[in-house]
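Below is one structure; the comments refer to it alone.
Just so you know, all these numbers are worked out from the coordinates, no wet-lab data involved. Worth saying up front: this structure is predicted, and the values here are computed from it rather than measured. Using ideal geometry, Cβ is built from the backbone for each residue, glycine included, and neighbour counts are taken over all protein chains shown.
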Amino acid sequence: MLTEITQEILADLPDSVKLRQTDIETLQGARGFIFDRLDLITTSFYDILFGFEKTEAVFREGERSAREASFKHWVELTLTKEINQEYWEWQAYVGLIHVKRGIKNDIFVRMLNYVTELLVAEVVNNVPKEQAVPILIAWLRLSSTVSALIVQGYEQFYHQAIEGMTGIDETLLDRLVAVQIDDMVAANQQYRM
Ligand code: HEM
């Protein structure tokens with residue numbers, strides 16, 4: 001099931017915005033630079049999650065070090081592994097693990113962007129412009145594809161759960177949602193440009 005979902009999602013992205021082999025090489029070439037900052041990035045990431053009541057609440061007692069380790073492992077594998085179908089399926093799986101713990105797309109995507117913020121500051125302040133731009137573009141292509149998988153995967157998991165429980169298939173569900181959307185668009189015409 002993860003294979004199908006992942007293939008479908010990736011097939012929906014135009015080639016011109018997909019991560020390229022040259023991006024992967026660029027990113028993996030910068031791995032030493034990123035690994036040198038990984039402790040700092042990880043601490044900052046979890047300081048935020050553990051410093052905010054709503055996100056802290058998803059963690060179990062004493063879980064921080066395990067979470068830091070899995071985050072670091074994710075960065076390490078991302079910058080060393082081949083980025084292929086198996087890698088993308090793993091991302092869909094990581095999304096699923098978060099859904100299981102009640103972590104929604106908004107916080108996942110925002111925190112992935114926080115990693116980007118930290119990386120932008122480090123790269124721009126320490127790497128010559130000719131190298132900094134391709135590194136950051138490659139990271140953005142990778143991280144936004146991960147986000148796309150997490151978000152679309154979440155929607156698909158919901159669809160499949162609803163279909164499994166109620167028999168309402170994706171086409172019918174899309175129609176029901178479309179009716180709701182039409183009503184909401186009609187009720188919010190003041191925002192139309
Ligand atoms: C940049 C975004 C994130 C990445 C790359 C990431 C990565 C990971 C990885 C690789 C795992 C281990 C999965 C496994 O056991 O196979 C994990 C687990 C987990 N993450 Fe994240 N994570 C992110 C964001 C978040 C956020 C925002 C939260 C909380 C608000 C969170 C909470 C958790 C929890 C609670 C688990 C344990 C799941 C379980 O095994 O029960 N993560 N994460």
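Observations on the structure shown:
- Flag if Ile181 is surrounded by 14 or more Cβ atoms within 10 Å (Cβ to Cβ) and either under 21 Å from the mean Cα position of the chain (by Cα) or farther than 28 Å from Arg101 by Cα (or both): no
- The set of residues in the stretch 19-29 that are under 20 Å from the mean Cα position of the chain (by Cα) and of a type in the set (D, E, K, R) comprises Arg20, Asp23.
To keep it simple, each residue is scored yes or no on (1) over 20 Å from Trp139 (Cβ atoms); (2) touching a helix residue (DSSP H, G or I) at 6+ places or on another chain (Cβ under 9 Å).
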| site | (1), (2) |
| --- | --- |
| Ser16 | no, no |
| Ile24 | no, yes |
| Arg31 | no, yes |
| Glu53 | yes, no |
| Asn84 | no, no |
| Trp90 | no, yes |
| His98 | yes, yes |
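- Within the set Gly62, Gly32, Gly51, the sole residue that is of a type outside the set (A, V, I, L, M), at positive phi and more than 17 Å from the chain's Cα centre (by Cα) turns out to be Gly62.
- Single condition Asp39 does not satisfy, out of (1) within 18 Å of the chain's Cα centre (by Cα); (2) under 22 Å from Val127 (Cβ atoms): (1)
- Residue that is nearest to Leu118 (Cα to Cα) [pool: residues in the stretch 30-62 that are of a type in the set (A, V, I, L, M) and either part of a helix (DSSP H, G or I) or more than 12 Å from the ligand (Cβ to nearest atom) (or both)]: Ile41
- Among the residues of the stretch 13-29, those that are in contact (Cβ under 8 Å) with a residue 60 or more places away in the chain and in a loop (DSSP other than H, G, I, E, B) comprise Leu13, Lys18, Leu19, Arg20.
- Where Ile9 falls short, out of the listed (1) in contact with a Gly (Cβ under 9 Å, 6 or more places away or on another chain); (2) of a type outside the set (Lys, Arg); (3) near the ligand (Cβ under 9 Å from one of its atoms); (4) within 16 Å of Arg141 (Cβ to Cβ): (3)
- Pair list, Cβ under 7 Å, 6 or more apart: the stretch 64-80 residue within 22 Å of Leu140 (Cβ to Cβ), other residue among the polar types (S, T, N, Q) and within 8 Å of the ligand (Cβ to nearest atom): none
- Scanning the stretch 116-136 for any residue that is more than 20 Å from Phe33 (Cβ to Cβ), among the small types (Gly, Ala, Ser), free of Cβ contacts under 8 Å to residues at least 60 places away in the same chain and surrounded by fewer than 17 Cβ atoms within 10 Å (Cβ to Cβ) turns up nothing.
- Test: Glu56 is in contact (Cβ under 8 Å) with a residue 40 or more places away in the chain, acidic (Asp, Glu) and touching a Phe, Trp or Tyr at 6+ places or on another chain (Cβ under 9 Å): no
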